[in-house]
Every structure is written in structure tokens, then in C-alpha cells.
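Quick one: structure below, then a few questions.
Laboratory data are not the source of any read-out in this text; all were calculated from the coordinates shown. Since this is a predicted model, take the numbers as computed values, not measurements. So basically every Cβ, Gly included, is an ideal-geometry build from the backbone, and we count neighbours across all protein chains shown.
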Amino acid sequence: MNRHVLDSEVQEYIKNHLNDDVHKLAMSKSPFKDVSSKELANQIAAKNKSVKKLPSWYKTYSIYYPALLSIEQCSSETTASYKAGLAIGDSLIDLTGGFGVDSYYFAKTVKNLMHCEINKDLSEIAAHNALALGQTNIKCLAEDGIAVLEKSGETFDTIYLDPARRSSAGKVFMLKDCTPNVVEHLDLLLSKSKRIIIKTAPLLDITAGLKELGNVSEVHIVSLKNECKELLWVIDSNKPTQQPIIKAVTINELQKEFSFIKGEEETEVELLGENPSGYLYEPDAALLKSGAFNLIAKRFKLKKLHHQTQLYVSEHLDPSFPGRIFKINSLLSAGDLKKEKLLRRNLIARNYPDKAENLVKKYKIKPDHNKFLVFTQGAGNNYLIIDAEILQHY
């Protein structure tokens with residue numbers, strides 16, 4: 001960490017050059033003796049990356065930014081704030097602290113927080129930024145979190161960790177393919193805390209994760225504007241007597257939650273036997289990740305269009321539904337579309353033999369903000385083209 005970056009004249013330069021081309025800036029001569037042009041370019045690029053993801057950092061004077069990759073990989077303030085609500089007790093240790101976004105929000109809910117980061121430079125950056133943000137109850141250690149637990153006699157109410165997937169693991173991975181290996185160290189973690197919170201990428205299969213960990217209390221699937229951001233695995237030291245609770249949490253203008261006990265999703269569903277009318281429901285990505293396709297229909301009193309199509313229909317409008325809702329205007333045929341000369345619609349293709357982008361070209365469709373064409377399949381395996389208008393966004 002080059003502390004000359006924090007000099008007032010350097011900070012003023014960064015503020016005044018946020019719209020500069022960082023690639024050109026990195027290749028030019030630096031106006032400062034102790035700060036290179038590459039360092040200036042990185043600070044500007046990282047700060048710009050933080051505008052929406054980390055607005056508190058962006059707005060705070062004298063924030064020091066690490067390498068751009070750390071900004072890209074860290075939690076957003078929105079998801080970090082949600083995670084903070086899962087901590088229990090007065091003390092928490094973050095074993096994989098990184099840039100410190102999660103630690104900052106956890107520190108707002110607990111009295112004492114220990115931030116462990118094996119990268120000394122990143123640890124120093126996190127410590128500086130915590131103070132700049134006014135959070136004084138964070139102790140930063142430039143050490144391996146697991147090693148700190150092993151040698152310390154201290155226990156914590158909550159342990160948090162975000163294991164990094166090893167590059168050799170490929171697309172399909174398991175927790176044992178991550179560093180630190182949670183499965184290998186699970187007994188240590190349980191002996192040192194009342195609650196463990198593990199963050200993983202949404203790519204991890206829920207059933208596989210539950211099998212690996214064995215005694216999970218809750219799984220939180222968190223999506224932000226219909227994009228699954230992370231899976232949160234909550235393990236309590238007192239092993240639950242029932243199946244884990246699965247919570248699909250959708251964060252948009254409003255936060256909504258769909259929760260169920262594992263196994264409850266194994267239910268029958270009623271298919272729509274006639275042409276769809278009324279309202280069309282499209283679940284948020286978090287609900288789809290939960291696998292509760294039939295339970296969604298049961299809870300919201302909906303009928304599915306097709307067993308393999310996660311689209312639902314009802315004659316009633318329910319704004320509490322976590323996802324998009326459309327008003328069905330009519331059913332169209334391919335012939336109807338060919339007759340239209342100025343067709344303006346957004347397209348959704350679900351369980352349909354052609355892709356949305358191909359259909360746009362085929363029927364020469366221009367985009368529209370509110371009107372949609374939904375290409376899908378009905379219960380009788382007949383293909384449907386639904387003309388609809390959106391009433392509720394994600």
C-alpha cells in the first residue's frame with residue numbers, strides 16, 4: 001500500500017480525472033514523484049467501479065482502492081448489508097476478509113470484529129478504509145484465518161468465510177475444491193463458534209453443498225435485480241433436528257423472500273389445460289435456483305404452462321410474487337406476426353425451439369419497454385405466442 005496515494009493533492013487529482021481514459025493515463029508520465037501513473041489509473045478505475053456497487057466507499061474521502069480484481073470480486077454493499085443480518089452475538093471473525101466490505105457491514109451488527117487477510121497489502125488497505133468510513137471496532141490481522149483459529153484460544157459468536165474456488169476445479173465445483181477447505185476444517189469451525197456463515201458463488205449445487213456440510217440450518221439464495229449473486233450457508237453449533245430452511249431472497253426496489261423447508265418443494269403441480277388468460281408470472285432467478293418450481297405454483301395459487309417451463313398463469317394479480325408479472329392480452333400465431341410491419345415488443349423464449357435473438361431477426365421485431373411477446377410451450381406440448389404487457393418488473 002503506497003500511502004502517498006492518500007496525499008491531498010493526489011486525492012484531488014483522482015477526483016478531477018475520473019472521466020479520463022485510464023489506459024492512456026497508465027501509459028503517460030505521472031505528475032507525482034511518489035505515485036506512478038499505473039497507480040493513479042488503478043485508483044481511478046477502481047473508484048469508478050464502485051459508483052453503484054460500493055457507493056459509501058465512492059463517496060468517502062481518502063478511500064484507498066486495491067487491484068481492480070478485488071473490487072470486481074468483493075460483495076456489493078446491498079448483499080453485504082443482507083449478510084450482516086445473519087450474524088449472531090457480539091463477536092465475529094471474518095476468515096477471508098479481502099477488501100473488507102462484508103466485515104464493514106458485519107461490524108455494524110456486532111461489537112467486536114476480527115478481519116483476517118493473508119495478503120498484507122490488502123489487510124492494510126482494509127484497516128485504513130474501515131477507519132476512513134468511521135468503523136472503529138474492526139481489528140485487521142495480516143494472517144491466514146484458519147491459522148488464527150487454530151492457534152487462538154478465543155471463540156467467536158459467528159465465523160464468516162468466503163472460500164475461493166481453485167481455478168483447477170472447473171465449472172462444476174464442490175466446497176472441498178475451495179480454499180480454505182470448509183469441509184476439512186468444519187470441526188475446528190464448529191468448536192470455535194456458535195454460528196458459521198459461508199458464502200459461495202450461486203454456481204454451487206444446493207443438494208451437493210448440503211451433503212458436503214451435513215448440518216446446515218439455512219441456505220439463503222440472494223439475487224439482485226434478477227441476478228443470483230451468492231449462496232449463503234448457515235451452520236449452527238446446535239445441529240438442527242429438521243431439514244434445512246431454503247430462502248430465496250430477491251432484492252430490487254423491494255426485498256421479497258420465498259422460504260421453505262427442504263423436501264417441501266417435492267409437491268405436485270396443476271397444469272393449465274386451456275389457453276392462458278389473465279396474468280403471466282415469471283419467477284426471479286433466486287426462486288429458480290431454489291428448485292421449488294411446483295411449490296411456487298402451490299403457494300401463489302398458480303397453474304404451470306408446462307412441466308418443463310417455469311412460467312405460471314392466474315386470473316388474479318398478486319404483487320407479492322417475487323418476479324415479473326404480465327397482463328396477457330391475446331394469443332398470436334406465426335402468421336399474425338408476419339403480417340405486422342412495425343412490430344415492437346421485447347421477447348421471452350422459454351421451452352421453445354428457437355432462440356429469442358433468432359425470433360427477433362425472423363419477425364423483424366423492434367424493442368419496446370412495456371410490451372412483450374412470450375414464445376413458449378403449453379401443457380399439450382403446443383407452442384404458444386403470448387402477447388403481454390408487463391405490470392411488475394423484477
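Multiply the residue gap between residue 9 and residue 236 by 0.36 nm, knock off their C-alpha separation, and tell me the result in nm, one decimal place. Numbers along the way, then the final one.
Working: separation 227, 0.36 × 227 = 81.72 nm, distance 4.93 nm.
So the extension gain works out to 76.8 nm.
What fraction of the Cα pairs in the chain, stated in percent, has a spacing above 28 angstrom?
Working: 43901 of 77421 pairs.
So the portion of pairs separated by more than 28 Å is 57 percent.
For region 279-392, report the % of Cα-Cα distances exceeding 24 Å.
On the way: 1484 of 6441 pairs.
Cα-Cα pairs of region 279-392 separated by over 24 Å account for 23 percent.
Related question: Could you identify which residue out of 180, 202, 353 has the top mean-square fluctuation in a GNM of the chain using Cα springs shorter than 10 Å?
353
How would you rank 200, 241, going from fewest to most other Cβ atoms within 10 Å of each one's own Cβ?
Numbers: 200 22, 241 5.
Least crowded to most crowded, the residues run 241, 200.
Let me confirm the definition first: pairs of Lys residues in region 3-71, 8 or more apart or on different chains, C-alpha distance under 23 Å. How many are there?
For region 3-71, qualifying lysine pairs total 22.
For a quick check of your reading of the filter: which trypsin sites (Lys or Arg not before Pro) in region 299-341 sit in a DSSP loop and have no more than 10 other Cβ atoms within 10 Å? Spell out each step's value before the answer.
Values: sites: 299, 301, 303, 304, 324, 327, 338, 339, 341; in loops: 301, 341.
Those satisfying the criteria are 341.
Moving on to the next point. Which of 1, 114 has the fewest other C-beta atoms within 10 Å, and how do the rest follow up to the most?
Working: 1 15, 114 22.
Exposure proxy ranking, most exposed first: 1, 114.
Along the charge dipole of the chain, Cβ charges K/R +1 and D/E -1, which of 232, 137, 60 sits furthest on the positive end?
Value: 60.
Neighbour counts of other C-beta atoms within 10 Å: give me 311, 86 arranged from fewest to most. Provide the component values of the computation, followed by the final result.
Working: 311 23, 86 16.
Listed from fewest to most nearby Cβ atoms, that is 86, 311.
Between 69, 141, 189, where does the largest GNM mean-square fluctuation fall for the chain, given springs only between Cα atoms within less than 10 Å?
69
Over region 3-71, one equal point on each Cα, no solvent: what is log10 I(q)/I(0) by the Debye formula at q = 0.17, 0.28 Å⁻¹?
Normalising to I(0) and taking log10 leaves -0.54, -1.48.
Quick one: dipole size for the chain, taken about the Cα centre, charges +1 on Lys/Arg Cβ and -1 on Asp/Glu Cβ, in debye to the nearest 20. Before the final figure, lay out the partial values.
Working: 52 positive and 49 negative charges, 255 e Å.
Around 1220 debye, computed over the chain.
Could you work out the relative contact order of the chain, using alpha carbon pairs under 8 angstrom and six or more residues apart, expressed as a whole percent?
Values: 790 pairs, mean separation 33.3, N = 394.
In percent, rounded to a whole number, it is 8.
On to the next question. Summing Lys, Arg as +1 and Asp, Glu as -1, what charge do residues with Cβ under 13 Å from the Cβ of residue 151 carry, residue 151 excluded?
Working: positive: 192; negative: 143, 144, 150, 154.
Value of the local net charge: -3.
Scan region 1-68 for GluC sites (Glu not before Pro) in coil per DSSP, keeping those whose Cβ has at most 15 other Cβ atoms within 10 Å, and list them by number.
Working: sites: 9, 12, 39; in loops: none.
For GluC sites (Glu not before Pro) across region 1-68 that sit outside H, G, I, E and B with at most 15 neighbouring Cβ atoms in 10 Å, the list is empty.
Still on this structure: Between region 325-394 and region 10-84, what is the C-alpha centre distance in whole Å?
Region 325-394 and region 10-84 have Cα centres separated by 42 Å.
Given H placed 1.01 Å from N in the peptide plane, which residues other than close sequence neighbours of residue 141 have an amide H under 5 Å from its amide H?
When sequence neighbours closer than 5 places are left aside, the close amide H contacts are 115, 116, 117.
Assigning unit charges at the beta carbon (Lys, Arg +1; Asp, Glu -1) and nothing else, what dipole magnitude in debye, to the nearest 20, does region 279-392 show about its Cα centre? Don't skip to the end; give the middle numbers.
Working: 20 positive and 11 negative charges, 48 e Å.
With only Lys, Arg, Asp and Glu charged at Cβ, the dipole is about 240 debye.
Calculate for the chain the 222 nm mean residue ellipticity that helices alone would give, adding -39,500 (n - 2.57) per DSSP H run of length 4 or more and normalising by residue count, nearest 500 deg cm²/dmol.
Details: 15 runs with 118 residues, N = 394.
Calculated at 222 nm, the ellipticity per residue is -8000 deg cm²/dmol.
Under the definition of Cα pairs under 8 Å and six or more residues apart, what whole-number percent is the relative contact order of region 279-392? Display every interim value, and only then the final one.
On the way: 206 pairs, mean separation 32.9, N = 114.
Computed value for region 279-392: 29 percent relative contact order.
Along Cα→Cβ, 7 Å out, is where each label goes; now give me the distance between the ones at residue 382 and residue 275 in nm to one decimal.
So the label points at residue 382 and residue 275 sit 0.8 nm apart.
Give me the dipole magnitude in Debye, nearest 20, for region 3-71 about the Cα centre, with unit charges on the beta carbon: positive for Lys and Arg, negative for Asp and Glu.
Using Cβ point charges on Lys, Arg, Asp and Glu, region 3-71 gives about 280 debye.
Hey, what did region 76-241 get for relative contact order, percent, Cα under 8 Å, at least 6 apart? The partial results should precede the final answer.
Working: 328 pairs, mean separation 30.6, N = 166.
This gives 18 percent for region 76-241.
Work out how much length residue 33 to residue 191 would gain on full extension: take 0.36 nm times their residue separation and subtract the Cα-Cα distance, in nm to one decimal. Walk me through the numbers on the way to the answer.
Details: separation 158, 0.36 × 158 = 56.88 nm, distance 5.09 nm.
Fully extending the segment from residue 33 to residue 191 adds 51.8 nm.
Taking only the alpha carbons of region 76-241, what extent do you get along each of the three principal axes, in Å, biggest first?
Dimensions of region 76-241 along the principal axes of its Cα atoms: 40, 38, 31 Å.
Now for a separate question. Just to be sure I follow: if Rg is taken over the C-alpha atoms of region 230-344 and Rh is the Kirkwood radius over the same atoms, what is Rg/Rh? All intermediate terms of the calculation are to be shown ahead of the outcome.
Working: Rg = 17.6 Å, Rh = 16.2 Å.
For region 230-344, the value is 1.08.
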